[in-house]
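The values are calculated or read from the model by the stated rules, or taken from the named source; none is laboratory data. All of these numbers come straight from a predicted model, not from anything done at the bench. So basically every Cβ, Gly included, is an ideal-geometry build from the backbone, and we count neighbours across all protein chains shown. The protein model used for the area step is the full one, side chains on, heavy atoms only, and it has no ligands, DNA or RNA in it. Shrake-Rupley method; radii C 1.70, N 1.55, O 1.52, S 1.80 Å.
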Amino acid sequence: MRNEVTKLDTSTRLAYERTFLAHERTLMAWVRTSSSLITFGFSIYKFFQLERGAGKEFPTTQVIGPSRFAMILIIIGFVSLVLATIQHRHQLKLLKIAYENIPVSTAGIVAGLISVLGLGAILAVIFRL
């Protein structure tokens, strides 16, 4: 039973903290990659939207046009961030079983905020804002 408080030695405690920080760094790398995909996709969408507004026409014989390509990039960024966040939460739950003093995940909070940004970009492209 875990009712008794177990005192960990310093090296074990530091090992758990290093593992936590490694998970944080990994999620932040996913945040960086996902936000790049989301913003690049949205930039492509807005660029071609502005070009169309200026009267320029683009070939319609393309399999994937600029809008669809932008949407694909945004969706890949959003989905990859959601999957990375789920994996991160799962790893922290496993770590919390062995070491109860896990701090709040700052990377998880940032990932949530970037996910909202990605969802907003998807909705903006869908509703052509």
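Number of residues in region 26-38 that are open to solvent by 60 Å² or more (accessible area, probe 1.4 Å), touching a residue at least 40 places away in the same chain (Cβ under 8 Å) and out of contact with any Gly (no Cβ under 8 Å at 6 or more places or on another chain) equals 3. Only one entry in ILE109, ILE74 is of a type in the set (A, V, I, L, M, F, W, C) and open to solvent by less than 30 Å² (accessible area, probe 1.4 Å), namely ILE74. For region 46-71, name all the residues that are among the aliphatic types (A, V, I, L, M), assigned to a helix (DSSP H, G or I) and open to solvent by 50 Å² or more (accessible area, probe 1.4 Å). Hit for region 46-71 is LEU50, nothing else. Before we move on, is ILE109 within 11 Å of the chain's Cα centre (by Cα) and closer than 30 Å to THR12 by Cβ? Here the answer is yes, as ILE109 does meet what is asked. For region 87-105, a tally of residues being in a helix (DSSP H, G or I) and either open to solvent by less than 90 Å² (accessible area, probe 1.4 Å) or charged (D, E, K, R) (or both) returns 9.
Scanning region 77-86 for residues that are surrounded by fewer than 16 Cβ atoms within 10 Å (Cβ to Cβ) and of a type outside the set (Val, Ile, Thr) returns a single hit, LEU83.
Which ones in region 4-33 are outside any helix (DSSP H, G or I) and of a type in the set (S, T, N, Q)? The one that is outside any helix (DSSP H, G or I) and of a type in the set (S, T, N, Q): THR6.
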